[in-house]
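To keep things clear, I will list the structure first and then write my remarks on it.
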Amino acid sequence: KKAQEELEAQFGDQIRDLTFSQGKILIKLIYRETGNSTFDIVKELRGGFNAFIWQTLARLFGYDLKTDYDAAGEDQVIEQIVMMIEAGAL
């Protein structure tokens with residue numbers, strides 16, 4: 001709960017200002033960086049019931065917290081952009 005409060009204080013306004021597409025990309029990037037879906041992270045930190053509630057809410061707004069990241073497939077463009085940023089090209 002404390003971690004959630006700290007993240008909310010640090011990033012809350014920025015996350016609320018994301019567009020729909022940016023939110024979907026954020027979910028994918030979280031998976032890329034952690035190797036776990038956003039759903040799994042919520043489940044681990046807040047419990048299965050909370051994860052279920054957040055997934056249900058996310059689905060109502062067109063998101064899926066169980067989304068994974070496929071660097072060689074559908075997320076290839078995102079991967080290329082991330083690699084360029086990490087290399088300092090962008």
Q | From the options Ala58, Ala51, Ala72, residue that is open to solvent by 70 Å² or more (accessible area, probe 1.4 Å) and either in contact with a strand residue (DSSP E or B) (Cβ under 7 Å, 6 or more places away or on another chain) or of a type in the set (A, V, I, L, M, F, W, C) (or both) | A | Ala72
Q: Inspect region 39-52 for any residue being within 17 Å of Gly23 (Cβ to Cβ) and in contact with a Lys or Arg (Cβ under 8 Å, 6 or more places away or on another chain) and give the result as yes or no.
A: yes
Q. Among the residues of region 13-48, which ones are out of contact with any helix residue (DSSP H, G or I) (no Cβ under 6 Å at 6 or more places or on another chain), open to solvent by less than 60 Å² (accessible area, probe 1.4 Å) and more than 27 Å from Gln80 (Cα to Cα)?
A. Gly47, Gly48
Q: List the helices (runs of 4 or more DSSP H) that sit entirely inside the chain and contain at least 1 residues that are touching a residue at least 24 places away in the same chain (Cβ under 8 Å).
A: 2-16, 20-34, 38-46, 76-87
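The values are calculated or read from the model by the stated rules, or taken from the named source; none is laboratory data. Predicted, not measured: the structure shown is a model, and the values here were computed from it. So basically every Cβ, Gly included, is an ideal-geometry build from the backbone, and we count neighbours across all protein chains shown. The area values use the complete protein model at the heavy-atom level, side chains included, leaving out ligands, DNA and RNA. Shrake-Rupley method; radii C 1.70, N 1.55, O 1.52, S 1.80 Å.
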